[in-house]
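Remarks on the structure that follows.
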Amino acid sequence: MTCRCGRPTRDDAYVCDTCYAALNRALGDVAWLDEELDTTITRQKAAVISGTARSAETSLPWHERAAIARRDLHSLLVLWVRFAREEQVRGVPEWEAQDRLPSLSRWLLHVTRGLTLLDIGPDAVDEITNAVAECERVVFWKRRSRVYLGPCGQRVEDEDGLVILERCAGEVYAEEGADVGTCDECDQGVTVVIRQGELNKELDDRLCSAAELARLAVILGLDVPREQVRKKIHYWHRHKRIVQRGVDPETEAPLFRYGEVRGMLYAEFARDTA
């Protein structure tokens, strides 16, 4: 007999040893996943994205997906427990499962071998492993960083080509690694590389501290850890490889011309990674 995955089975089972092991592993993961899902749901209800150019705060929607994933897994395990009990699948324990994910999964671990001997066994494998995998995706999901690309400033027109705004007052952001950013007001796109080049040019004469330079250079395209950039600038300053152009009146930190240092940074790190 052949498993749904294409591997051979043994002992008249409908599920191969590999899929059987995957089913047991998935059910074994449910207990810790239940705790992680609870943490994800609780913490993300209050989570915000902050620190943008306009100090905007937006609630994260992923706690809802975590709640849905947990609810779907719970419903699925309840159905399989009910099926195994009613059909008296081999291995059914004498004790009753409580209506909680850890208890339901522990109960089902007693009947996984029995389920593999039924023609419906492959459905149990697929449904349970997929539901557990979805919970794991939610738990381990990490929101991608957004790159700030400055004010929009684009002309906004309606469907007939009539000008609504000469210059949009929105802010442009791009997902990390994306080629195009989008304005949060007019929803028009901006090519990331072009906008970063424009911003770099506008900032060329600006006086910045090492920390500001590192932050701006990384935001505007330098693919190097910010702290590494900052240390490189301090090193150049100590060894008089860059010219100090001023002093911050509040922190007394040395200031450097952005354009001068930016060119050196790109040359330095392009050489290191070549």
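A few comments on the model shown:
- The relative contact order of the chain comes to 13 percent, based on Cα pairs under 8 Å that sit 6 or more residues apart.
- Counting only DSSP H runs of at least 4 residues, each contributing -39500 (n - 2.57), and dividing by the residue count of the chain, the helix-based mean residue ellipticity at 222 nm comes to -16500 deg cm²/dmol.
- Among the chymotrypsin sites (Phe, Trp or Tyr not before Pro) in the stretch 129-223, none is located in a DSSP loop while being surrounded by at most 10 other Cβ atoms within 10 Å of its own Cβ.
- Sparse packing (at most 16 other Cβ atoms within 10 Å of the Cβ) combined with a DSSP loop state is found for the following GluC sites (Glu not before Pro) in the stretch 69-117: Glu87, Glu94, Glu96.
- Backbone HN-Hα couplings from phi across the stretch 252-268 [Karplus 6.51/-1.76/1.60, Hz, Gly and Pro as x]: 6, 6, x, 10, 10, 6, 3, x, 5, 6, 4, x, 5, 5, 5, 5, 5
- Using alpha-carbon coordinates, inclination of helix 192-203 to the longest axis of the chain, degrees: 30 degrees
- Taking GluC sites (Glu not before Pro) across the stretch 188-274, the ones in a DSSP loop with at most 16 further Cβ atoms lying within 10 angstrom of their Cβ are Glu250, Glu252.
- Long-range lysine pairs (8 or more apart or interchain), the chain, Cα under 26 Å: 6
- For the chain, the square roots of the Cα gyration tensor eigenvalues, ordered a ≥ b ≥ c, give a/c of at least 1.5 with a/b greater than b/c, which places it in the prolate category.
Every number here is computed from the coordinates shown, using simple stated rules; none is lab data. Just so you know, these numbers come straight off a predicted model, no measurement behind them. Neighbour counts run over all protein chains shown; Cβ positions are idealised from the backbone, glycine included.
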